[in-house]
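Below is one structure, written out as structure tokens; the observations come after it.
Any read-out appearing in this document is the output of simple, stated calculations on the displayed coordinates, not a laboratory observation. All figures in this text were calculated on a predicted structure; none of them were measured in a lab. We place every Cβ from the backbone using ideal geometry, glycine too, and count neighbours over all the protein chains shown.
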Amino acid sequence: MFLAGIVGALLVIAAGVLLLDLRGDDEGRKAAPAPSPSQSKRADLPAGVKCEGTGCAGKDPEEMGCGGRHATSPSRGLAGGTLVEVRYSKVCRTAWARITGGSLGDAATITSAGRSETATSGRDGDAYTAMVPVTGDPKKVKACGTTAAGVKGCTKPAAG
């Protein structure tokens, strides 16, 4: 009997707390802010990808998760013996220039959506630029390279 009384009292207390909570005033409470469009888009991005579009502009493609398996090379070219590529990430909607097989001081520049980024290779002859947003066909994005000796070359859409 004593146990039934305690259980009954606990039920009454729990019901009172629930009723007060449901009917309580909203002072001091704020609705959670609605997510901004960029936040809701971020939920759709694959694991490890941290930005997309203009939110990636000027950022490192590897650090933002846009490189690796998320990137392709829609165009390539040569500046002397240095390979110049446009790297494109469909998931991030960005591109960046990459140079490989070059010499110390070789440079690459990419321009898209009114933004340009440049990178200069180190001792290993490799470098890549920060990202630029891409709004159209990635094959139309051009990157150009200049070797330390002054030889210039730009990318052209890759076959296939």
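Counting Lys +1, Arg +1, Asp -1, Glu -1, what net charge surrounds GLY105 among other residues with beta carbon under 15 Å of its beta carbon? Mind dumping the intermediate values first?
Details: positive: ARG123, LYS152; negative: ASP106, ASP124, ASP126.
With Lys, Arg at +1 and Asp, Glu at -1, the net is -1.
Assign unit charges at the C-beta atoms only (+1 for Lys and Arg, -1 for Asp and Glu), then state the dipole size of region 112-159 relative to its Cα centre in Debye, rounded to the nearest 20.
Roughly 220 debye, rounded to the nearest 20.
May I ask which of LYS50/LYS156; LYS50/LYS90; LYS90/LYS156 have a Cα-Cα span longer than 24 Å here?
LYS50/LYS156
Report the label-to-label distance for ALA47 and LYS90 in nanometres (one decimal), using points 7 Å from each Cα along the Cα→Cβ vector.
With each label placed 7 Å out from Cα toward Cβ, I get 2.1 nm.
Can you tell me the convex hull volume per residue for region 52-157, based on C-alpha atoms, in Å³ to the nearest whole number?
79
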